[in-house]
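Engineer: Next up is a structure, given as structure tokens.
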Amino acid sequence: MKPDNWAIEVIDLKKSYKNVEVLRGVNFTVQKGSTFALLGSNGAGKTTIIKILATLLQPDSGSAKINGVDVTKQPEHVRKEISLTGQSVTADYILTGRENLRMMAKLRHLPAPDKQAEELLRRFDLLDAADRRISTYSGGMCRRLDLAMSLLGNPSVVFLDEPTTGLDPQARIAMWDMIKELARSGVTVFLTTQYLEEADHLADQIAILHEGHIVATGSPAELKNRLPRGHIELRFDNETTLNQARDLLKEFNATADSNNLTLSVMTDGSTRQMMRLLTKAAEADIEIAEFSQKLPTLEDVFLAIVTSKKEDSK
Ligand SMILES: Nc1ncnc2c1ncn2[C@@H]1O[C@H](COP(=O)(O)OP(=O)(O)OP(=O)(O)O)[C@@H](O)[C@H]1O
């Protein structure tokens, strides 16, 4: 991919707080118009990266560019291109949602603040609550308003630092929908998350940050493929058939679960192996009631990558 296509380019970024080395040489690129998730556990350094990219913090070394512009050399230029929604709510609690949006639009000297506020309230499903004080809003509504406020001025790159942390499942799903809609509108979305499921659901590309380095990058599917072994689950109508299948498929390292009448078969993921297995069952006249392929989850991928890194460094 050409650098022209990169909304974000990070090269060998390093940052320490006193004697704590948080970023030890971080590299990644984000394609314009894509959604990128930076995944890491608590304290991995995700917010530190966001703060550097949003020009709020100076790196010790390395470089970071937004749309080709260096964040340390031309921060004012970069600030016009981006918006940041952090973990804490920035809206003013004494004002209503509409007033907050109008005030922000005016502070940014944007044309038609009333119209912009109305449009964003509609887009973020806040019209009904528009004239209520923020102090009466739920956590999810506050996050949506924050996101709406950050979009005033049409930034081309939007940073969302843990956008759903602390939200209940329903509010999290509503926020996911908003983020997806944002991504569809063509902006580049950079989000940090501790939730593998969130990254899997929203991102085109995921990078896993661990101990100061990006330890893995790829699409959700690619990351899942890095774990070579998934399994196939076969379900049977009765225990007799289950036991027959278990004996027949011994060579496939099959594990039977008599409570659920299922047989779990380790696989290398190849169609050839699957064909061999199904043909063998068919030839022995074994009726399979249900067949499903279980790919490893991102949780499995994260654990496997982190564990293998630890073993390598021993
Ligand atoms: N100003 C600071 N001074 C000293 N240490 C800091 C400072 N800011 C962050 N840290 C430390 O740097 C590490 C990375 O922090 P950071 O907030 O970037 O992580 P994070 O991945 O965003 O974590 P979380 O998911 O908890 O928000 C943590 O150990 C944190 O305690």
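Engineer: Over the chain, what relative contact order in percent results from Cα pairs under 8 Å that are six or more residues apart?
Structural biologist: Relative contact order of the chain: 19 percent.
Engineer: For the chain, what does -39500 (n - 2.57) per DSSP helix run (n ≥ 4), summed and divided by total residues, give at 222 nm, in deg cm²/dmol to the nearest 500?
Structural biologist: -11000 deg cm²/dmol
Engineer: On a 0 to 90° scale, report how tilted helix 113-123 is relative to the longest principal axis of the chain, with both axes built from alpha carbons and the result rounded to the nearest 10.
Structural biologist: Approximately 10 degrees, to the nearest 10.
Engineer: Considering only Cα-Cα distances, which of the following residue pairs are longer than 27 Å: 32/294; 18/180; 250/294; 18/65; 73/180; 80/224?
Structural biologist: Details: 32/294 32 Å; 18/180 38 Å; 250/294 19 Å; 18/65 25 Å; 73/180 32 Å; 80/224 36 Å.
With Cα atoms farther than 27 Å apart: 32/294; 18/180; 73/180; 80/224.
Engineer: Then there is this: Angle check, please: helix 239-248 long axis (alpha carbons) against the longest principal axis of the chain (alpha carbons), in degrees 0 to 90, nearest 10.
Structural biologist: Tilt of helix 239-248: around 80 degrees.
Engineer: Next question, about the same structure. Can you find, among 138, 155, 192, the residue farthest towards the positive end of the dipole of segment 3-225? Put +1 on the C-beta of Lys and Arg, -1 on that of Asp and Glu.
Structural biologist: Highest projection toward the positive end goes to 155.
Engineer: Given that compact globular proteins tend to follow 2.2 N^0.38 Å, what is the ratio of the alpha-carbon Rg of the chain to that value? Mind dumping the intermediate values first?
Structural biologist: Working: Rg = 24.3 Å, N = 314, 2.2 N^0.38 = 19.6 Å.
Against the empirical 2.2 N^0.38 Å value, I get 1.24 for the chain.
Engineer: Per the 1.4 Å probe, what fraction of the accessible area of the chain, in percent, lies on carbon and sulfur atoms?
Structural biologist: Using a 1.4 Å probe with all protein chains present, the chain comes out at 47 percent carbon and sulfur.
Engineer: Can you tell me the accessible area per residue over the chain, all protein chains present, probe 1.4 angstrom, in square angstrom? Walk me through the numbers before you get to the answer.
Structural biologist: Details: 16410 Å² over 314 residues.
Averaged over the residues of the chain, the accessible area is 52 Å².
Engineer: Also, quick follow-up: Normalised by the number of residues in segment 230-294, what is the relative contact order in percent for Cα pairs under 8 Å and 6+ residues apart?
Structural biologist: Details: 100 pairs, mean separation 31.9, N = 65.
The value is 49 percent.
Engineer: Another question, if that's okay. Placing +1 at every Lys and Arg Cβ and -1 at every Asp and Glu Cβ, with all other atoms neutral, what dipole size does the chain have around its Cα centre, in debye to the nearest 20?
Structural biologist: 1240 debye
Engineer: While we're on this one: If I take every Cα pair under 8 Å that is 6 or more residues apart in segment 1-45, average their sequence separation and divide by the length, what percent do I get for the relative contact order?
Structural biologist: Taking the mean separation of contacting Cα pairs over the length of segment 1-45, I get 37 percent.
Engineer: Could you check what % of the DSSP bridge pairs in the chain are antiparallel, to the nearest 5?
Structural biologist: Restricted to the chain, the bridges split so that about 65 percent are antiparallel.
Engineer: Let me ask something else. With Cβ to Cβ distances under 12 Å as the rule, what net charge do the other residues near residue 105 carry (K, R +1; D, E -1)?
Structural biologist: It works out to a net charge of +1.
Engineer: Rank-order 75-87, 48-60 by packing density, defined as the average count of other C-beta atoms within 10 Å over each peptide's residues, highest first. Numbers along the way, then the final one.
Structural biologist: Values: 75-87: 17.3, 48-60: 19.6.
With the highest mean Cβ count within 10 Å placed first, the list reads 48-60, 75-87.
The values are calculated or read from the model by the stated rules, or taken from the named source; none is laboratory data. A quick note: this is a predicted structure, and the numbers were derived from the prediction, not measured. Reconstructed Cβ throughout: ideal geometry from the backbone, glycine too, with neighbour counts over all protein chains shown. The accessibility values were calculated without ligands, DNA or RNA, using every heavy atom of the protein model including side chains. Shrake-Rupley method; radii C 1.70, N 1.55, O 1.52, S 1.80 Å.
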